[in-house]
1. With the requirement that a residue be open to solvent by 50 Å² or more (accessible area, probe 1.4 Å) and either under 16 Å from the mean Cα position of the chain (by Cα) or over 30 Å from Tyr192 (Cα atoms) (or both), what does the range 239-279 give you?
2. Could you tell me whether Asp201 is on the phi < 0 side of the Ramachandran plot, open to solvent by less than 10 Å² (accessible area, probe 1.4 Å), charged (D, E, K, R) and at pLDDT 95 or above?
3. When you scan the range 166-181, do you find a residue that is surrounded by fewer than 17 Cβ atoms within 10 Å (Cβ to Cβ), at pLDDT 95 or above and under 19 Å from Ala289 (Cα atoms), even just one?
4. I need every pair where a residue in the range 381-398 that is farther than 14 Å from Val73 by Cα has its Cβ under 8 Å from the Cβ of a residue that is in a helix (DSSP H, G or I) and open to solvent by 30 Å² or more (accessible area, probe 1.4 Å), sequence separation at least 6 or different chains.
5. Looking at Thr63, Thr87, which one is β-branched (Val, Ile, Thr) and surrounded by 21 or more Cβ atoms within 10 Å (Cβ to Cβ)?
6. Looking at this structure, is Thr332 more than 19 Å from Leu77 (Cα to Cα), touching a Ser or Thr at 6+ places or on another chain (Cβ under 9 Å) and among the hydroxyl-bearing types (Ser, Thr, Tyr)?
7. If I go through the range 37-60 residue by residue, how many of them are surrounded by fewer than 18 Cβ atoms within 10 Å (Cβ to Cβ) and of a type in the set (D, E, K, R)?
8. Give just the number: which of (1) out of contact with any Asp or Glu (no Cβ under 8 Å at 6 or more places or on another chain); (2) surrounded by 23 or more Cβ atoms within 10 Å (Cβ to Cβ); (3) of a type in the set (Val, Ile, Thr) does Thr283 not satisfy?
Amino acid sequence: MFTRGVSAGGGGAGGRGRPGGAGAAAGSRHAPVARDMRGMWLATVANRDWPSKPGLSAAQQRTELIAHLDTAVGRHLNAVVFQVRPTADALWPSSYEPWSGVLTGVQGKSPGWDPLGTAVEEAHRRGLELHAWFNPYRVANHTDLSRLVSTHPARLHPDWVVPYGGKLYYNPGLPDVRKFVQDAMLDAVRRYDIDAVHWDDYFYPYPVAGQVFDDDDAYAAHGGNFPDRASWRRDNTDRLVREMAASVKRIRPRTQFGISPFGVWRNAATDPLGSDTRAGVQTYDDLHADTRKWVRERWIDYICPQIYWNIGFAAADYAKLVPWWSDVARGTGVRLYAGEALYKAGDPAQPVQWQDPAELSRHLTFAERYPQVNGHVFFSAKEVGADRIGAMARVVEDHY
């Protein structure tokens, strides 16, 4: 989903006082923690937060980007999670993938400047961390390969691509795909002093009723050692996480690796280890992402589950998920941040609790009971600035 907004019934989001420690994925001890995470996502897919529209001049784009960073400072935040690879493209001069069309309106066309390089420099100048947010497998929010620029790797390797649910995805079951997407993301790690590599909730795509993700050929070629296709798919996702973690630490040891999954691993009715929820999506079963395992195995430095529901929401209660995730993180050294649905505050389509400017502040108050919760990240930058009903201002007043 463009906004990573999710309901319980379906898918959607060094030396500067670093919120996270270094080295969990590599097995080394975490550095002393200077402060808790106070972050915001800055989404670029479909021009969600930035740029406000495609085709602005380089100067206009830069001005808008700087304004978002200044808003973060004004809200007393300390980190920006900047989406730099929204659809198998790039917001930096990548050696692997084309320039993103969200910049100029034309995929592959240079915007005349380096957004990621500028974001890193300007964030650090303001005392902000810059977490570079990548989407591993999404290729396009449509199913027409011919609409991609002619040099796009998906056009050069159409056998890598699976159409599903009105979108195009790289096939996670192909070793060549897993290698390529890691190389494409690691290009940014090599070039820039980013504070973290950040992934969101998209691994295998969210289920679409009546549609099948066609990975038959890949399963026939590579799935022979697994009891069923779901186990094979989960292993593919595990491999991506484990390999990326090792590569990030090898290239830039102090750069963190964090993941922001959908907030429910499994319901307790499915698995006694699961949460007391009745969510319609479970990451383990539906996205083939064993998010609990990644924490327990210490493959990642931080996890930021999207706990995008109000306190008391029957199917997925914030007040039940925070304790569950705290139990998962306890004793691992993996930092736990709560992903917060600021975008719901004041939205008339949302339940009555989200019309109360104090709902989000209550989330932070509740989470203070759990020492494993090391901060919060707000979706997303547009709402951090506009603050429709003053929910963000209330968080700042009460907590920051």
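1. Ala269, Thr270, Pro272, Leu273, Asp276, Arg278
2. yes
3. yes
4. Qualifying pairs under 8 Å: Asp387/Ala393; Ile389/Gln355; Asp398/Thr365.
5. None of the other options fit; the residue is Thr87.
6. Criteria not met by Thr332.
7. 1
8. Against the list (1) out of contact with any Asp or Glu (no Cβ under 8 Å at 6 or more places or on another chain); (2) surrounded by 23 or more Cβ atoms within 10 Å (Cβ to Cβ); (3) of a type in the set (Val, Ile, Thr), Thr283 comes up short only on (1).
The values are calculated or read from the model by the stated rules, or taken from the named source; none is laboratory data. Because the structure is a prediction, the values reported are computed rather than measured. Positions of Cβ are generated from backbone atoms using ideal geometry, with glycine treated the same way; all protein chains shown enter the neighbour counts. Accessible surface is based on the protein model in full, side chains and every heavy atom, while ligands, DNA and RNA are left aside. Shrake-Rupley method; radii C 1.70, N 1.55, O 1.52, S 1.80 Å.
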